[in-house]
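Heads up: the structure comes next, in structure tokens.
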Amino acid sequence: MTRDKMTQHATLAHMPPADDDDAAHSGLLLRQSRLTDQVYELLLLEIARGAYVIGERLPSEPQLCTEFGVSRPVIREALARLRADDIVRSRRGSGTYVVREPSHDFAALAPSGALAEIQRANEFRIGMETEAAALAAIRRNADDLKAMETANEAVAAALEADEVGAEADLDFHRAVALATRNHLFVQGIQMLSAPILTSITVARRLKQIGNRDRLNEVLAEHEEVLAAIRRQDAETARTAMHAHMTKSRDRMHGFMTD
């Protein structure tokens, strides 16, 4: 285990004593959640840095427990999150293998301590925004369409000017949420605005130093969602938004599924 890992684990392991059984249980769950976040982030960054390459098997759960100084449930949850990101896959009786590598630049650009929260936000957004797009297709009006078009034009202008355009991108998703006529979708976007902006910023910077042509994919995906909403085609809007959200998650890691 590296000195950095040992320091991180020692810090996370120190929790104040609980006043009663309920507090002790809550404290245990919180500690385990924090440890899981930390192990998930460390493994993700190790893969991004090339410590484990595509096709390589990760150390066994007992080995990872020893390496990180945590319990088996923590390791299992961290691996489950990596599977949800489609970065590793488990083979029964064989182990867990790397199937995709985030960009090496991802390790340098990724915000330390925020990756687990971004991952949770992405999971939630894929479900929430997929259904929001379908409802928006049914309930949208002319003003909603204008707001989506204006936001996407702002994204295009930002990319043309070699800017990140994260706020404009978020405005597009806000406009879709507003078109649902359901305030909970709007609140959901607002609640997740910080991790959304961070995710967009990391993804755009990765593309700016890599394949810049793929920056235009965001605009094309927005246009597909917008076209379906304009036609009031709920099912196509749902499918287009799901594809966009999945690809957005992949862009944040610095890879794309062709």
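Computed over the range 100-258, relative contact order equals 38 percent, with contacts defined as Cα pairs under 8 Å that lie 6+ residues apart. In this rough spin-label picture, where each label sits 7 Å from Cα along the Cβ direction, the Ala161-Arg83 distance is 4.5 nm. Cβ crowding within 10 Å ranks Asp86, Asp37 as Asp86, Asp37, fewest other Cβ atoms first.
Here Glu61 and Glu153 are evaluated by their C-beta separation; at R0 = 51 Å the FRET efficiency comes out at 0.55.
Counting 0.36 nm for each residue step from Gln187 to Arg72 and taking away their Cα separation leaves a gain of 37.8 nm.
Taking 0.36 nm per residue of separation and subtracting the Cα-Cα distance, full extension of the segment from Phe124 to Ala227 would add 34.7 nm. Neighbour counts of other Cβ atoms within 10 Å put Ile200, Ile75 in the fewest-to-most order Ile200, Ile75.
Only the coordinates and a few stated rules stand behind these numbers; no lab work does. As the structure is a prediction and not an experimental result, all values here were calculated from the model. Quick reminder, even Gly has a Cβ in these numbers, built from the backbone with ideal geometry, and neighbours come from all protein chains shown.
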